[in-house]
Amino acid sequence: ALLVQAIRILEVTPCAWGEYEVIEVKDGGTISGSVRFLGDIPEPEMLVVDKDLHTCGMETRPSKKLIIDENTRGIKNAVVYIENITRGKKFGEKWHYVMDQMACEFIPHVQVIPVNSTLEIRNSDPIAHNVHAYSLKNTTFNESIPSRGIPLYKSFELQEMIKVGCDRHNWMRAWVVVMENPYYDLTWFDGTFKITDVPPGDYKISVWHEAFDEEVLAAQAQEVRLMPNQEVRLDFKLSLD
């Protein structure tokens, strides 16, 4: 009950989000498009599974670091977001997010959560795991979860892309992307995204993906001027070269 009450307070109190202010968005626009791979599509990286095979399964498995749709060349799990927007729609109704460990794999591999929301980290495997969060802005942690044990509950106050690993099984990797405003989308399997209810104005749109260097991603940022009720389409093309 206390958790529900705290969540409701956060939803109706704009100052809880620092610089971001919730307003009624009138004549909002849409920013949509795609994130696509430029160049020859590489073969998937194969991860070596070298312990606990009775639970973890295959001795090798394809990495989820870079997933490209062969038909559209779309890149899955890229985060497209508006930078430094300080006023706009409220965050979604969802405030509780889940990351599980199943067959020695973090599920989902990438997820985006709002600042100050709750992340529940589970272990559904019959063996112990640990969760190591590599964070620079938020509080880092490295904690064990016994087999099907009590979950961990974490929240993050600052926007950041946080890598998560398991020190017991070093092939296990995932990302938690913490955002300070609700104007973001995680690309689908075909690389498409859509950001809705954006107040008219001038914005900088950026893209993040774990497989690409910061310099490559920074060069992809695009400036847009969004008019009332307008839909602007943006295409990002990422290369490993």
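Values as computed for the structure displayed
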read-out: Extreme residue, surrounded by the fewest Cβ atoms within 10 Å (Cβ to Cβ), among residues of the range 218-237 that are aliphatic (A, V, I, L, M) and in contact with a strand residue (DSSP E or B) (Cβ under 6 Å, 6 or more places away or on another chain); value: ALA221
read-out: Members of the range 144-156 that are in contact (Cβ under 8 Å) with a residue 12 or more places away in the chain and either surrounded by 12 or more Cβ atoms within 10 Å (Cβ to Cβ) or not in a strand (DSSP E or B) (or both); value: SER144, ILE145, PRO146, SER147, ARG148, GLY149, PRO151, LEU152, LYS154, SER155, PHE156
read-out: Subset of the range 198-217 that is over 17 Å from the mean Cα position of the chain (by Cα) and open to solvent by 50 Å² or more (accessible area, probe 1.4 Å) - its residue that is farthest from GLU83 (Cα to Cα); value: GLU215
read-out: Subset of the range 80-104 [more than 18 Å from TYR20 (Cα to Cα), open to solvent by 10 Å² or more (accessible area, probe 1.4 Å), in contact (Cβ under 8 Å) with a residue 24 or more places away in the chain and not in a loop (DSSP other than H, G, I, E, B)]; value: HIS96, VAL98, ASP100
read-out: In the range 27-41, residue farthest from LYS194 (Cα to Cα) [restricted to those that are touching a residue at least 12 places away in the same chain (Cβ under 8 Å) and out of contact with any strand residue (DSSP E or B) (no Cβ under 8 Å at 6 or more places or on another chain)]; value: GLY39
read-out: Which listed residue is out of contact with any Phe, Trp or Tyr (no Cβ under 6 Å at 6 or more places or on another chain) and at positive phi, from GLY57, GLY74, GLY92; value: GLY57
read-out: Residues that are of a type outside the set (Phe, Trp, Tyr), open to solvent by 20 Å² or more (accessible area, probe 1.4 Å) and either closer than 27 Å to TYR81 by Cα or not in a loop (DSSP other than H, G, I, E, B) (or both), drawn from the range 121-134; value: HIS132
read-out: Qualifying positions in the range 42-70 - hydrophobic (A, V, I, L, M, F, W, C), modelled with pLDDT of 95 or more and surrounded by fewer than 17 Cβ atoms within 10 Å (Cβ to Cβ); value: MET46, VAL48, LEU53
read-out: Number of the exception - ASN77 against (1) assigned to a loop (DSSP other than H, G, I, E, B); (2) within 20 Å of the chain's Cα centre (by Cα); (3) more than 30 Å from ILE150 (Cα to Cα); value: (3)
read-out: Close pairs from the range 105-116: first aromatic (Phe, Trp, Tyr), partner in a loop (DSSP other than H, G, I, E, B), Cβ under 6 Å, at least 6 apart; value: PHE106/MET172
read-out: Qualifying residue in the range 180-190 (condition: aliphatic (A, V, I, L, M) and open to solvent by less than 20 Å² (accessible area, probe 1.4 Å)); value: no
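The values are calculated or read from the model by the stated rules, or taken from the named source; none is laboratory data. Quantities reported herein were computed from a predicted structural model and do not represent experimental measurements. A quick note on method: Cβ atoms are made from the backbone with ideal geometry, for glycine too, and the neighbour counts reach across all protein chains shown. When the accessible area is computed, the model is the full protein with side chains, heavy atoms only, and any ligands, DNA or RNA have been set aside. Shrake-Rupley method; radii C 1.70, N 1.55, O 1.52, S 1.80 Å.
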